[in-house]
Amino acid sequence: MAYLLRSRYPDRWVRFHSLPGSKRYPDNEDEYGTVLDRHYTVLDQLGAGPLVLVITTEWTDTEELTPQRWPRRAEVAPRAHHWRTFVEDPEDPEYRTFHQLYVEALQWTPQCIDGLLRAVADDELANVMVAPLDLHWLYHPYDGGADVVLPAREQRDELKHRYRDWLSDHPSGL
């Protein structure tokens, strides 16, 4: 559950907004360009490549892999294979949700995850993570920006300072 990273690793977490003024959704191709540029700038700074893991999530009402609620996931990550299933809120059967995690290793190239990032920016896909094979950093794009978890606070602070114009004005960093 990628969105929990900020509470699990607060001393190594930073959030960047993908559009100026903390605008959440792009309205035109210029804004999509800004969104993609910011994502790739941070990912390149993290040292993405030569291979990255891309983890996508699907939600189902049972342990079965279908029916899926996010048909866009299979379109933007067609080679991803089912990795594992975990249950959210297992004590309450009425609200039980099964998280189906899919993973694929991608050769890192410019624009290799454009479709994925555009789907996330349009809220057509959620709970995505990108990471190197050794998982020493985690990148969680969401509709509005990205959460990053780094191996150490000092690395987080350096990245935060470098892209300080992309940070939220909110005291919590959200």
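The values are calculated or read from the model by the stated rules, or taken from the named source; none is laboratory data. From a predicted model like this one, the values you see are computed outputs, not experimental measurements. All Cβ positions, even for glycine, are placed from backbone atoms using ideal geometry, and neighbour counts span all protein chains on display. Just so you know, the surface numbers come from the protein's heavy atoms only, side chains and all, with ligands and any DNA or RNA stripped out. Shrake-Rupley method; radii C 1.70, N 1.55, O 1.52, S 1.80 Å.
Take Thr85 and tell me if it is part of a strand (DSSP E or B) and hydroxyl-bearing (Ser, Thr, Tyr).
On the way: part of a strand (DSSP E or B): yes; hydroxyl-bearing (Ser, Thr, Tyr): yes.
Yes, satisfied.
Please work out if Thr41 is more than 21 Å from Phe86 (Cβ to Cβ) and not in a strand (DSSP E or B).
Values: more than 21 Å from Phe86 (Cβ to Cβ): yes; not in a strand (DSSP E or B): yes.
Taking the combined requirement at face value, the residue satisfies it.
Being more than 17 Å from the chain's Cα centre (by Cα) and at negative phi narrows it down to one of Glu94, Glu104, Glu124, so name that one. First the steps, then the outcome.
Working: Glu104 fails: more than 17 Å from the chain's Cα centre (by Cα); Glu124 fails: more than 17 Å from the chain's Cα centre (by Cα).
Criteria check complete, one pass: Glu94.
Just give me the residues in the stretch 117-148 being within 20 Å of His99 (Cα to Cα), surrounded by fewer than 23 Cβ atoms within 10 Å (Cβ to Cβ) and either without any contact (Cβ under 8 Å) to a residue 40 or more places away in the chain or of a type in the set (Gly, Ala, Ser) (or both), in sequence order.
Ala126, Ala131
Pull out all pairs, ordered by first then second residue, where Cβ-Cβ is under 6 Å, the residues are six or more apart or on different chains, the first lies in the stretch 2-18 and is touching a residue at least 12 places away in the same chain (Cβ under 8 Å), and the second is among the small types (Gly, Ala, Ser) and buried (at least 19 other Cβ atoms within 10 Å of the Cβ).
Arg15/Gly145; Phe16/Gly145; Phe16/Ala146; His17/Gly145; Ser18/Gly145
Could you count how many residues in the stretch 24-48 are in contact with a strand residue (DSSP E or B) (Cβ under 8 Å, 6 or more places away or on another chain) and not β-branched (Val, Ile, Thr)? Full working, then the answer.
Taking the stretch 24-48 as the starting set, the residues that turn out to be in contact with a strand residue (DSSP E or B) (Cβ under 8 Å, 6 or more places away or on another chain) are 38-39, 42-43, 46-48.
Filter once more, so that each one left must be not β-branched (Val, Ile, Thr): 38-39, 43, 46-48.
Final tally of qualifying residues: 6.
For the stretch 149-174, name all the residues that are among the polar types (S, T, N, Q) and open to solvent by 30 Å² or more (accessible area, probe 1.4 Å). Give the derivation first.
Filtering the stretch 149-174 down to residues among the polar types (S, T, N, Q) leaves 155, 168, 172.
Listed by number, the residues that qualify are Gln155, Ser172.
Can you tell me which of (1) part of a helix (DSSP H, G or I); (2) open to solvent by less than 60 Å² (accessible area, probe 1.4 Å) is the one Arg6 doesn't meet?
So the condition that Arg6 fails would be (2).
Quick one: is Ala126 part of a strand (DSSP E or B), out of contact with any Asp or Glu (no Cβ under 6 Å at 6 or more places or on another chain) and either closer than 29 Å to Pro10 by Cβ or aliphatic (A, V, I, L, M) (or both)? Please lay out each step first, then the result.
Details: part of a strand (DSSP E or B): no; out of contact with any Asp or Glu (no Cβ under 6 Å at 6 or more places or on another chain): yes; either closer than 29 Å to Pro10 by Cβ or aliphatic (A, V, I, L, M) (or both): yes.
When the stated conditions are applied, Ala126 does not pass them.
Considering only residues that are assigned to a strand (DSSP E or B) and among the hydroxyl-bearing types (Ser, Thr, Tyr), look in the stretch 88-123 and name the one that is modelled with the lowest pLDDT. So that I can check it myself, show each step before the final result.
Taking the stretch 88-123 as the starting set, the residues that turn out to be assigned to a strand (DSSP E or B) are 88, 97-107.
When the remaining residues are screened for being among the hydroxyl-bearing types (Ser, Thr, Tyr), the result is 97, 102.
On the way: Thr97: 83, Tyr102: 94.
So the residue we want is Thr97.
Return the residues of the stretch 48-77 that are open to solvent by less than 40 Å² (accessible area, probe 1.4 Å) and small (Gly, Ala, Ser); say none if nothing qualifies. First the steps, then the outcome.
Within the stretch 48-77, the first condition is being open to solvent by less than 40 Å² (accessible area, probe 1.4 Å), and the residues that meet it are 48-49, 52-60, 73, 76-77.
Passing the criteria: Ala48, Gly49, Ala77.
Which of (1) at pLDDT below 95; (2) more than 22 Å from Ser22 (Cα to Cα); (3) aliphatic (A, V, I, L, M) does Ala131 not meet, given it meets every other one?
Exception for Ala131: condition (1).
Within the set of pairs 6+ apart or on separate chains, which have a first residue in the stretch 154-170 that is assigned to a helix (DSSP H, G or I), a second that is surrounded by 16 or more Cβ atoms within 10 Å (Cβ to Cβ), and C-beta atoms under 6 Å apart?
Partner pairs satisfying both residue conditions: Arg156/Arg12; Arg156/Val14; Arg156/Leu150; Lys160/Val14; Trp166/Phe16; Trp166/His17.
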